[in-house]
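Let me begin by presenting the structure, written as structure tokens, before commenting on it.
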Amino acid sequence: MTIPYTEEELEEAKAIFRSMPSYTEQISSKDIPRFHKALGWPSSPAQFQTYINYWDSFYGGVASLSQMIQVLRVIHDSVALMRDRVTACDLDGDGCVDPKEFKLLLKYLMIHDPNVKSTSFETFLEEADTNKDGRVSIEECTEWVQKCLQRK
Ligand SMILES: [Ca+2]
Ligand SMILES: [Ca+2]
């Protein structure tokens, strides 16, 4: 998933999105596998289930067209994509990643890149909290995610 989406491809993705059975302005997370398949993203049933869980956990089981297009727009830019995903995982919006939010983010990372190893929150805190204030901010977390994806 490193190819940039052109405006034309985004239009195509929008058309696919709108053709999903549950489409109103948004689609049910149950249609995520169908949407991914229509876009030509190969995923295993386990990956689909995790994606569904992801949308269920973060977005109450529905994906809006604008959210989906936002993901597609940044998918070629790993820094922007990860900042977007880290921001999305900050469920209580306090600008920091707590253990529950980290768990969801890690789950997402492990689907995104199978080389990502499971990490405890303690290790994450130690590695990511660069200004040592005991909290991991969105920026710190985004930097950590970059390092995490680069180390194989
Ligand atoms: Ca938070
Ligand atoms: Ca910090």
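Here are a few things to note about the model shown:
- Residues satisfying the stated conditions in segment 54-76, i.e. closer than 19 Å to Pro21 by Cα and either of a type in the set (Ser, Thr, Tyr) or in a helix (DSSP H, G or I) (or both): Trp55, Asp56, Tyr59, Ser64, Leu65, Ser66, Gln67, Met68, Ile69
- Test for Asp77: is it charged (D, E, K, R), within 30 Å of Glu8 (Cα to Cα), loosely packed, with under 14 Cβ neighbours inside 10 Å and out of contact with any strand residue (DSSP E or B) (no Cβ under 8 Å at 6 or more places or on another chain): yes
- Residue in segment 89-103 that is nearest to Cys148 (Cα to Cα), counting only those that are within 11 Å of ligand 1 (Cβ to nearest atom) and in a helix (DSSP H, G or I): Phe102
- Which listed residue is within 17 Å of Glu143 (Cα to Cα) and either within 16 Å of ligand 2 (Cβ to nearest atom) or not in a helix (DSSP H, G or I) (or both), from Val79, Val86: Val86
- Selected residue (only one of Val62, Val97, Val145, Val74 is within 16 Å of ligand 2 (Cβ to nearest atom), within 23 Å of Tyr5 (Cβ to Cβ) and within 15 Å of the chain's Cα centre (by Cα)): Val145
- Of all residues making up segment 113-127, the number that are in contact (Cβ under 8 Å) with a residue 12 or more places away in the chain and closer than 18 Å to Ser78 by Cα: 3
Values in this text are rule-based calculations from the coordinates and carry no lab data. Computed from a predicted model, the values in this text were never measured in an experiment. Heads up, the Cβs are rebuilt from the backbone with ideal geometry, glycines too, and the neighbour counts pull from every protein chain shown.
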